[in-house]
Amino acid sequence: MNPLIHAAIGWLVGNLGRLGRRGRLACLLAGASPDVDGLPILYSWDKFMEIHHTFGHNVFFGLFISSLLSAATRERRVWPWALLAFLAHLVCDIIGTNWAVPLFWPLSKRGWTIWPSVSDRVIYGVIDPFVVVLVLFALLLVAARRERTPFESFWPRGHEALVRLGRKLFEAGR
């Protein structure tokens, strides 16, 4: 699944927790953080294939990154929401890719995935697009109802444009 979709899901989780702007940003980062083990793609495809879905895609890294982000925001109540955003990434990878997720790496290399029980065609042709559409709908709904977007912390113009778009789409239906 796309790292941007993972980040958006994390940010949406932060909205469920009714967190402040910094807490929502922490959840966005937690939701995207497992893909840190995909950075070797900048070096070589072979290293990426060897390392991706290892040290970033496990519950131990999730506990670490959630604690770190919670400490950075200085809000204890961020921790469970950041952890939930992180775990949402793992669940999406289990159901939305044909890569196994080693939940307890390095203690166990056993990976979890719905593939091959569910074909690549269903995973990438049905599940992934459905999740993308659902996430985009949720982002626009939050933009319209709460006047928030994932861009609120680092791209004010994009944030304002999405809020306007969300308002237009959801007010037109009334």
Exercise for the section: Could you tell me whether segment 44-54 includes any residue that is at pLDDT 95 or above, of a type in the set (Phe, Trp, Tyr) and touching a helix residue (DSSP H, G or I) at 6+ places or on another chain (Cβ under 6 Å)? Expected result: no
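Looking at Leu139, Leu162, which one is assigned to a helix (DSSP H, G or I), crowded, with 18+ Cβ neighbours inside 10 Å and at pLDDT 90 or above? Spell out how you get there, then give the answer.
Details: Leu162 fails: at pLDDT 90 or above.
After applying the criteria, what remains is Leu139.
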Handout entry: Every residue from segment 32-84 that is among the aromatic types (Phe, Trp, Tyr) and within 19 Å of Asn2 (Cβ to Cβ)
Key = Trp45, Phe48
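Rundown of residues vs (1) closer than 19 Å to Asp35 by Cβ; (2) surrounded by fewer than 19 Cβ atoms within 10 Å (Cβ to Cβ); (3) modelled with pLDDT under 95; (4) among the β-branched types (Val, Ile, Thr), yes/no style:
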{"residue": "Phe60", "(1), (2), (3), (4)": "yes, yes, no, no"}
{"residue": "Leu68", "(1), (2), (3), (4)": "yes, yes, no, no"}
{"residue": "Arg74", "(1), (2), (3), (4)": "no, yes, yes, no"}
{"residue": "Val78", "(1), (2), (3), (4)": "no, no, no, yes"}
{"residue": "Gly96", "(1), (2), (3), (4)": "yes, no, yes, no"}
{"residue": "Trp99", "(1), (2), (3), (4)": "yes, yes, yes, no"}
{"residue": "Ile114", "(1), (2), (3), (4)": "no, yes, yes, yes"}
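Considering only residues that are assigned to a loop (DSSP other than H, G, I, E, B), of a type in the set (A, V, I, L, M, F, W, C) and under 21 Å from the mean Cα position of the chain (by Cα), which ones fall in segment 110-136? Write out each step before concluding.
So in segment 110-136, the residues assigned to a loop (DSSP other than H, G, I, E, B) come out as 110-111, 113-119.
Subset that is of a type in the set (A, V, I, L, M, F, W, C): 114-115, 118.
Correct list: Ile114, Trp115.
With of a type outside the set (S, T, N, Q) and touching a residue at least 60 places away in the same chain (Cβ under 8 Å) as the only criterion, which of Arg110, Arg146, Arg76, Arg121 stands out? I'd like the intermediate steps shown before the answer.
Working: Arg110 fails: touching a residue at least 60 places away in the same chain (Cβ under 8 Å); Arg76 fails: touching a residue at least 60 places away in the same chain (Cβ under 8 Å); Arg121 fails: touching a residue at least 60 places away in the same chain (Cβ under 8 Å).
Residue meeting the stated conditions: Arg146.
When the residues of segment 106-153 are filtered to those that are among the small types (Gly, Ala, Ser) and out of contact with any Leu (no Cβ under 6 Å at 6 or more places or on another chain), which remaining residue is farthest from Arg164 (Cα to Cα)? Steps first, answer last, please.
Filtering segment 106-153 for residues among the small types (Gly, Ala, Ser) gives 108, 111, 117, 119, 125, 138, 143-144, 153.
Next, from what is left, pick out any that are out of contact with any Leu (no Cβ under 6 Å at 6 or more places or on another chain): 108, 111, 117, 119, 125, 144.
Numbers: Ser108: 48, Gly111: 43, Ser117: 42, Ser119: 39, Gly125: 31, Ala144: 7 Å.
Among those that are among the small types (Gly, Ala, Ser) and out of contact with any Leu (no Cβ under 6 Å at 6 or more places or on another chain), it is Ser108.
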Practice task
Given the conditions (1) hydrophobic (A, V, I, L, M, F, W, C); (2) surrounded by fewer than 14 Cβ atoms within 10 Å (Cβ to Cβ); (3) part of a helix (DSSP H, G or I), report the number of the one that Leu107 does not fulfil.
Solution key: (3)
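One line per residue, one yes/no per condition, for (1) among the charged types (D, E, K, R); (2) closer than 17 Å to Phe151 by Cα; (3) touching a Gly at 6+ places or on another chain (Cβ under 7 Å):
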position	(1), (2), (3)
Ile5	no, yes, no
Ile9	no, yes, yes
Cys27	no, yes, yes
Ala30	no, yes, yes
Asp35	yes, no, yes
Met49	no, no, no
Val59	no, no, no
Glu75	yes, no, yes
Asn98	no, no, no
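Could you list, in sequence order, all residues of segment 142-159 that are part of a helix (DSSP H, G or I) and touching a helix residue (DSSP H, G or I) at 6+ places or on another chain (Cβ under 9 Å)?
Kept after step one, since they are part of a helix (DSSP H, G or I), are these residues of segment 142-159: 142-146, 150-153, 156-159.
Once the filter is applied, which keeps residues that are part of a helix (DSSP H, G or I) and touching a helix residue (DSSP H, G or I) at 6+ places or on another chain (Cβ under 9 Å), segment 142-159 yields Val142, Ala143, Ala144, Arg145, Arg146, Pro150, Phe151, Glu152, Ser153, Arg157, Gly158, His159.
The values are calculated or read from the model by the stated rules, or taken from the named source; none is laboratory data. Please read these numbers as outputs of a predicted model, since none were measured by experiment. Neighbour counts are summed over all protein chains in view; Cβ atoms, including those assigned to glycine, are modelled from backbone coordinates with ideal geometry.
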